[in-house]
1. Would a scan of region 554-569 turn up a residue that is under 17 Å from E4 (Cα atoms) and not aromatic (F, W, Y)?
2. Report yes if V627 is in a strand (DSSP E or B) and either in contact (Cβ under 8 Å) with a residue 24 or more places away in the chain or of a type outside the set (A, V, I, L, M) (or both), otherwise no.
3. Only one of N323, N307 is part of a helix (DSSP H, G or I) and over 24 Å from the mean Cα position of the chain (by Cα); which?
4. Across region 252-268, what is the number of residues that are at pLDDT 95 or above and part of a strand (DSSP E or B)?
5. Being in contact with a Lys or Arg (Cβ under 9 Å, 6 or more places away or on another chain) and over 21 Å from L557 (Cα atoms) is the filter; apply it to region 180-195 and report the residue that is surrounded by the fewest Cβ atoms within 10 Å (Cβ to Cβ).
6. For region 595-645, which positions are among the small types (G, A, S) and under 37 Å from the mean Cα position of the chain (by Cα)?
7. I need the full set of residues from region 216-230 which are assigned to a helix (DSSP H, G or I) and within 12 Å of V254 (Cβ to Cβ), in order please.
8. With E379, E370, E345 as the choices, which residue is in a strand (DSSP E or B) and either loosely packed, with under 14 Cβ neighbours inside 10 Å or over 25 Å from the mean Cα position of the chain (by Cα) (or both)?
Amino acid sequence: MPIEKIESTCAQAQSANILADNIAKLKALFPELVTENTAGAAINVDVLKALVGDATVTDADEKYGLNWHGKRRARQLALTPSTGTLRPCPDESVDWDTTQNLMIEGDNLEVLKLLQKSYSGKVKLIYIDPPYNTGKDFVYPDNFQDNIKNYLELTGQVEGGAKISSNTESSGRFHTDWLNMMYPRLKLARNLLREDGVIFISIDDGELGELRLLCDDVFGENNLVCLFSWQTMKGAQGMPTRNMVVPNTEYIYVCAKNINAFRFLGLVRDGVGFSNPDNDLRGVWKRQYLQRLGQGLPVRHIRNPANGQEWSFETPYAQEKINEWIKDDRIIFPQSGDGYPARKEFLSEYDNAQQLVTSLGLYPTKSTTEKLYELFDHEKVFSNPKPDTLIATLMAFTLQDGIVLDFFAGSGTTGHAVMAQNAADGGSRRYVLVQLPEPLDPANKDQKTAANFCDQLNKPRTIAELTKERLRRAATKIRAANADRTCVTGQLAFEDSAQKLSTLDLGFRVFKLDTSNIRAWQPTGNLTQDLVDNVQHLQTGRSDDDVLYELLLKLGLDLCVPIETRSIAGKAVHGIGAGVLLVCLDASIGVADAEGLALGMADWHKELAPVGDTTAVFRDSAFENDVAKSNLAAILEQHGIKQVRSL
């Protein structure tokens, strides 16, 4: 069996091809709809009209919906696969070996593309706080031809410079540039949501109208859940507009992936107003008075068995039910003759989830700024960050476990909130944060403090470095606050309300966006030298771990999946995802090595007993000759490992 080589142009070396997937789905539903032209598979519009009726197919400019200059290009941008990768950075991470949290540095558009195979349909909650449209420049100047190169230039990792276009009202693109930035990101984000998933988008008045229509386009108007509002300050403490109105409210737009599958958990009742003065074994309770006079309801009677005192009142409850309450010691009789009986209402009898209202209340940004000021050694490195308590509240009534994604991570509020809320209620939520390593300029008065703080840390002057530092410091504070809880294998642990032992994950794995580890054919004009350079199929300067994690991404495995390494026939072999993937990146595999390596891998594969097919991957340049390659592939196939690839 020949070993298939993974080239830079093949599907296994790229992120998910959403366009090809869409065509495949249409072909599965309507085979006659898909035809071919010189560019490959295509949709026959005439057949589409025949299938659904001419009246339901239109390409007219005048139709209801949100349209702007560049929308078609923005849609195409979302459909274009990425050839980049995410390189692991264990030295910048916390608890690399055990954590399930991710902090990814990179252009969020490219990162969202790269996450498609591994995380499609797996994210429960997305929270984003995108740049508000203030007329200032955006640092997301998407380049349709080569967004990876554009990203590396923007962040100063290669020579050159990425031009950031102005977004001023006078340019006539005040809304257009913002929509072009948001549209492809939301399209990709929707793919990552579970069927019962939901997205929260922070927004102000500037783009609220456009966001509504944009989400209608991406998610469908029937999937709008609600529009939450929250108060940013108490009273009129801000600067008034020219009309003497002080804005103190912002919004959170909420859309479901599927409105029929999504449901809020609700707010957990906190027991305020409940007590247990008589030590009732049924738990805390509160008084509910029975008297409801003058409503035309049936008259009922109640008698105190202790002293014979009686009361008459109107109530919808049946007399038999009242007698049952008396017998069950659920009626509280007054101590004096002028009182009135009440019924015990136990907290345990309530539905644990309170209904929500669209006004979330006061979450002052000032107090959050002060909290971060203290966290960062009394340095103001972030301006007006979103309250972590606000994000924690959103999570509290949405999910107890599952993935929380924020691809505009900023100061790291979402990651902080995930850790804090897990500590508060015993949840097992995990976060995936994405932040552009946007350079900080010490000459800019608004960025000077943040840039200087990075210098103190001996870190690059980027926002992403501050994001990581906030996560580290927040974790340290949460760990200290929970130091009295039971310690299990070095991590915090406690028993939640269901009396189940849970560990609190306060770490994160760092990954950074870069070009693929798989070398692309880039002719220079010197054919002889080009052939020599491309004998080695992998980029120079890349580690085995770099290649390993690119395989995880491109083959659709979680970036936190367990990896075990064994020495087999003197070669390091990595077993990933309980044997779903076996990788040997040794630089030399001779004819004499092939049989022992293949048989050892086959034995390990049998021991792991993976669910589903296993893929084995090797370094293509490692094989001594074709004999070594074919012998190894044949032995693996004989033992049930039929998907053998080389890089």
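1. yes
2. Spelling it out, it is not the case that V627 is in a strand (DSSP E or B) and either in contact (Cβ under 8 Å) with a residue 24 or more places away in the chain or of a type outside the set (A, V, I, L, M) (or both).
3. Answer to the check: N323.
4. The number of residues fulfilling the criteria is 5.
5. K187
6. A602, A609, G612, A616, G640
7. F219, N223
8. One residue alone meets the criteria, E345.
The values are calculated or read from the model by the stated rules, or taken from the named source; none is laboratory data. The shown structure was predicted, so the numbers you read here are calculated from the model rather than taken from an experiment. Reconstructed Cβ throughout: ideal geometry from the backbone, glycine too, with neighbour counts over all protein chains shown.
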